[in-house]
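Colleague: Before we start, here is the structure in question, set down as structure tokens.
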There are 2 protein chains.
Amino acid sequence: MKRSSVGHMQCSIARSLDIVGEWWTPLIMRDVFRGMRRFEEIQGSLGIGRAVLSDRLGTLVEAGLLERRPYQDNPVRYEYRLTDMGRDFSSVLISLKQWGDRWLAEEDGPPVTLIHERCGHEVEPILTCSHCHEPILPTEIRSPGRLGADPDDL
Amino acid sequence: MKRSSVGHMQCSIARSLDIVGEWWTPLIMRDVFRGMRRFEEIQGSLGIGRAVLSDRLGTLVEAGLLERRPYQDNPVRYEYRLTDMGRDFSSVLISLKQWGDRWLAEEDGPPVTLIHERCGHEVEPILTCSHCHEPILPTEIRSPGRLGADPDDL
């Protein structure tokens, strides 16, 4: 079922979802970040139909998150590599992972641990402001189209 | 069309998408963060069918991101409020917004500007490590199930 597009909305979240909001798409990106580059690897990881995977990979290539490169001639075969735009999507996946770790983990803790190589500690990201370097709290964001928790909600 | 669940996967991203991966759901959360609490407000904002919105709100309440509270008696009417779990989802929306601002904005720039009230500057979040306080770069993350760009990709 092809749903109507929300990409025309004057909203970066809607435009992003227009590309990556199909359910499988963030999981495909997750697998590419894990080092999977070939159709069969991703298909095996996700247990997804070939037609669906082919369609989603095509969307990601067309949108510019992945690049399709030949890795073999005769017959020519392709693999998928992250572009700068795709690599920049890691912050979305890491934020989604952290939220899931925090709220959806089972008794034995989060299923996958990530290590921040620079310091050797487990990745526990904090969204900080590039100007004041303080954490960005949902109650401290304001805008004409506000994306922050209403103080009355607290 | 109800797709098969990915919530059973041993992956916090998959579990998160099982709740919030339906296309409209992050936009519903966006609207609640903007201060919309009532069914009609959200419906008017998104132009979404009543049945779909009712279903998605039900999922968000059941999963614990929103709370349904009466705001009027006789007849009783309800509004939707963020829970702690829902409020914590702001980091995912902000990351998604920033990615869209960076890669999908049109010539006149990002459609919505957010202000970090603490310092008065525009919100430009950086994902930093809670241990070493340095930015978390996609190439500096390692794990058995790696979620970081392969250095060979760079």
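Read the figures in this text as sums done on the coordinates, not as results from a lab. These figures come from a predicted structure and were not determined experimentally. Glycine gets a Cβ as well: all are built from the backbone with ideal geometry, and neighbour counts include every protein chain shown.
Colleague: Simple spin-label model, 7 Å along Cα-to-Cβ: residue A:131 to residue B:72 in nm?
Modeller: Result for the modelled spin labels: 3.9 nm.
Colleague: Here's something else I'd like to know. Length gain on complete extension for the stretch residue A:54 to residue A:118, per 0.36 nm per residue less the alpha carbon to alpha carbon distance?
Modeller: In short, 19.5 nm is gained.
Colleague: Per-residue Cβ counts within 10 Å, from other chains only, averaged over A:77-89: what number is that?
Modeller: 3
Colleague: Helix B:50-63: angle to the longest alpha-carbon principal axis of chain B, degrees 0 to 90, nearest 10?
Modeller: So the inclination is approximately 60 degrees.
Colleague: Label-to-label distances across copies for residue A:102, with labels 7 Å out along Cα→Cβ, in nm, shortest first?
Modeller: For residue A:102, the other copies' label points sit at 2.0 nm, shortest first.
Colleague: To continue, here is another question. Taking only C-alpha pairs under 8 Å that are 6+ residues apart, what is the relative contact order of chain B in percent?
Modeller: Relative contact order here is 11 percent.
Colleague: How far apart are the residue A:55 label points across copies, placing each 7 Å from Cα toward Cβ, in nm, shortest first?
Modeller: Label-point distances to the other copies, shortest first: 1.7 nm.
Colleague: What residue among A:72, A:43, A:98 has the largest mean-square fluctuation in a Gaussian network model of chain A, using Cα springs under 10 Å?
Modeller: Between A:72, A:43, A:98, it is A:72 that shows the largest mean-square fluctuation.
Colleague: DSSP loop (so not H, G, I, E, B), at most 10 other Cβ within 10 Å: list which GluC sites (Glu not before Pro) in region B:15-116 pass both filters.
Modeller: Filter output for region B:15-116: B:107.
Colleague: Given a 10 angstrom Cα cut-off, can you work out which residue in A:130, A:91, A:54 is the most mobile in a GNM of chain A?
Modeller: Result: A:130 has the largest fluctuation of those listed.
Colleague: Can I ask one more? Starting from the amide H of residue A:121, placed 1.01 Å from N in the peptide plane, find each other amide H under 5 Å away whose residue is 5 or more places distant or on another chain.
Modeller: A:116
Colleague: Rounded to the nearest 500 deg cm²/dmol, what is the calculated helix-only ellipticity per residue at 222 nm for chain A, with -39500 (n - 2.57) per DSSP H run of length n ≥ 4?
Modeller: Computed ellipticity for chain A at 222 nm equals -11500 deg cm²/dmol.
Colleague: Further, regarding this structure: Which far-off residues, 5 or more places away or on another chain, put their amide H under 5 Å from the one on residue B:34, with H placed in the peptide plane?
Modeller: A:148
Colleague: Measuring nothing but label to label, 7 Å from Cα along Cα→Cβ, what are residue B:71's distances to the other copies in nm, shortest first?
Modeller: Residue B:71 label point versus its equivalents elsewhere: 5.3 nm.
Colleague: How high is the relative contact order of region B:12-87, in percent, counting Cα pairs under 8 Å that sit 6 or more residues apart?
Modeller: 28 percent
Colleague: Quick one: check the C-alpha center-to-center distance for region B:117-131 versus region B:35-70, whole angstrom.
Modeller: That distance is 29 Å.
Colleague: Sticking with this structure for a sec: Where a ≥ b ≥ c are the square roots of the eigenvalues of the C-alpha gyration tensor, would you call region B:21-154 rounded, which needs a/c under 1.5, or, failing that, prolate if a/b is larger than b/c, or oblate?
Modeller: Verdict is prolate for region B:21-154.
Colleague: For chain B, modelled as a Gaussian network with Cα springs under 10 Å, which listed residue fluctuates most, B:58, B:109, B:120?
Modeller: It is B:120.
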